[in-house]
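Student: Right, I'll just put the structure down here and ask away after.
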Amino acid sequence: MKTAIITGVTGQDGSYLAELLLKKGYKVYGMIRRASTSNTSRIDHLTDNPNFIIRKGDVTDRSSIEHILLEAEPCEFYNLAAQSFVPESWTNPVYTSEVTGIGVLKCLEAVRYYQEHTGRKIKFYQAGSSEQFGKALEVPQNENTPFYPRSPYGVAKVFGYHMTRNYRESYNMYALTGILFNHESPRRGLEFVTRKITHTLARIANGEETILELGNLEARRDWGYAKDYVKAMWMMLQQEEPKDYVIATGETHSVREFVEKAAEYAGLGKIKWKGKGTNEKGYDENNKLIVKINKKYYRPAEVDLLLGDPSRAKKELGWKPKTSFDELVKIMVKADMELIKLKK
Ligand code: NAP
Ligand code: F7E
């Protein structure tokens, strides 16, 4: 039986990856950190599985990583833990660097030490991000595109990427970074733009008096489906040779397009836009105000256009995204419509 450790198992990707590995017959150790109230809603359905083991830990505490390694004796280690919300990284840049950047180094050091002292080998996956490309120096972005991060989060991910590569090259470790473009799902946190849109529009469609307040409608992202993307993480670690891979759909859409599509799926009709810039407003088919702009959602430095080129992953891993942009929006709207109705 193969054993894997997942840090960040309570998050969107961690929960899907845990499901995938359990289905493949793995024993999965999920690292969770202490919270004053329960935050395990994404993995509660897995806790009855005897092959799913939860252990307390924190990637800023190397000893906690070592304890889990010694108990689990894994063959794969997926480091998904991060302070992953970009705006928060301007509010708490040092904290973000400690978790999202130095946390990677602590995992790598713990794995290196474990390997040296036990003689066992571990395959290490680092959750990299398209935010490493930031103010992209070429379009589309591939594994050779230079990095130009635009937030403390992006900088921390670049640090994690270089450390992972250096541990691979210096210590001959099987360690790689998946450079994943945005991927979404009904399990996405509510503050990220896609889920904020689908959840708020579902509330509006359900008769709640609320307005969707957004920032930059023109920002463009390459959005895929998280379930497709965790498969790519696993596929990367099944290769003979450790290599970094870009995982993306190769398609880009604006925040505006996402809102328009989501409104249609939520039964609010075609949005009519009026006004310009921060005064722009969106109305549903009954001329009810449903979208407005709030300056506070603009960022100090924006990443205007991210578009990935997943050719290497297609060729070498045989991976390709299965879920289209339209399907993704539909899945998310449907799930939020059901969730809101359940809550009522
Ligand atoms: P997420 O939902 O925000 O999950 C982050 C996870 O990290 C949560 O389980 C969180 O635990 C945990 N965590 C935070 N700080 C920690 C610490 N100090 N020690 C241990 N665990 C900690 O993120 P996601 O969307 O699943 O993304 C997974 C990874 O991929 C992250 O590294 C993210 O930066 C990266 N990434 C995501 C995307 C994307 O589009 N989703 C794209 C590229 C890269 P709590 O539940 O306790 O907060
Ligand atoms: O923003 C614009 C905003 O917060 C997307 C993380 O998983 O993917 C994610 O980072 C875009 C930005 O994701 C609002 O300005 C407009 O241009 O959903 P987001 P992100 O910053 O791209 C990368 C790959 C990661 O690695 C990260 O961990 O949408 N936008 N209005 C808004 N964004 C938010 N959050 N809220 C708004 O109201």
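Student: Among the residues of segment 209-223, is any in contact with an Asp or Glu (Cβ under 8 Å, 6 or more places away or on another chain), of a type in the set (Asp, Glu) and within 14 Å of ligand 1 (Cβ to nearest atom)?
Tutor: Looking through segment 209-223, at least one residue is in contact with an Asp or Glu (Cβ under 8 Å, 6 or more places away or on another chain), of a type in the set (Asp, Glu) and within 14 Å of ligand 1 (Cβ to nearest atom).
Student: Provide a single number: the residues in segment 166-182 that are crowded, with 17+ Cβ neighbours inside 10 Å and either assigned to a helix (DSSP H, G or I) or in contact with a Pro (Cβ under 9 Å, 6 or more places away or on another chain) (or both).
Tutor: Counting residues in segment 166-182 that are crowded, with 17+ Cβ neighbours inside 10 Å and either assigned to a helix (DSSP H, G or I) or in contact with a Pro (Cβ under 9 Å, 6 or more places away or on another chain) (or both) gives 7.
Student: Also: Examine segment 143-158 for a residue that is in contact with a Gly (Cβ under 7 Å, 6 or more places away or on another chain) and more than 16 Å from GLU302 (Cα to Cα), and state whether such a residue exists.
Tutor: Scanning segment 143-158 turns up at least one residue that is in contact with a Gly (Cβ under 7 Å, 6 or more places away or on another chain) and more than 16 Å from GLU302 (Cα to Cα).
Student: For segment 95-117: of the residues being open to solvent by 60 Å² or more (accessible area, probe 1.4 Å) and more than 13 Å from ligand 1 (Cβ to nearest atom), which is nearest to ASN172 (Cα to Cα)?
Tutor: GLU116
Student: Would you check which residues across segment 28-37 are over 18 Å from ILE5 (Cα atoms), within 10 Å of ligand 1 (Cβ to nearest atom) and open to solvent by 70 Å² or more (accessible area, probe 1.4 Å) and list them?
Tutor: none
Student: Still on this structure: Within 16 Å of ligand 1 (Cβ to nearest atom) and more than 30 Å from ALA175 (Cα to Cα) - does that describe any residue in segment 258-269?
Tutor: Scanning segment 258-269 turns up at least one residue that is within 16 Å of ligand 1 (Cβ to nearest atom) and more than 30 Å from ALA175 (Cα to Cα).
Student: Filter segment 81-94 down to the residues that are assigned to a loop (DSSP other than H, G, I, E, B) and surrounded by fewer than 23 Cβ atoms within 10 Å (Cβ to Cβ), then identify the one that is nearest to ligand 2 (Cβ to nearest atom).
Tutor: Looking at residues that are assigned to a loop (DSSP other than H, G, I, E, B) and surrounded by fewer than 23 Cβ atoms within 10 Å (Cβ to Cβ), I get SER84.
Student: Can you tell me how many residues in segment 118-141 are assigned to a loop (DSSP other than H, G, I, E, B), open to solvent by 40 Å² or more (accessible area, probe 1.4 Å) and more than 15 Å from GLY154 (Cα to Cα)?
Tutor: Total meeting the criteria: 6.
Student: So, one more: Suppose the filter is away from ligand 2 (no atom under 16 Å from the Cβ), part of a loop (DSSP other than H, G, I, E, B) and surrounded by fewer than 21 Cβ atoms within 10 Å (Cβ to Cβ); does ARG150 pass it?
Tutor: Working: away from ligand 2 (no atom under 16 Å from the Cβ): no; part of a loop (DSSP other than H, G, I, E, B): yes; surrounded by fewer than 21 Cβ atoms within 10 Å (Cβ to Cβ): yes.
No.
The values are calculated or read from the model by the stated rules, or taken from the named source; none is laboratory data. Because the structure is a prediction, the values reported are computed rather than measured. All Cβ positions, glycine included, derive from the backbone under ideal geometry; neighbour counts span all protein chains shown. SASA here: full protein model, heavy atoms, side chains in, ligands and nucleic acids out. Shrake-Rupley method; radii C 1.70, N 1.55, O 1.52, S 1.80 Å.
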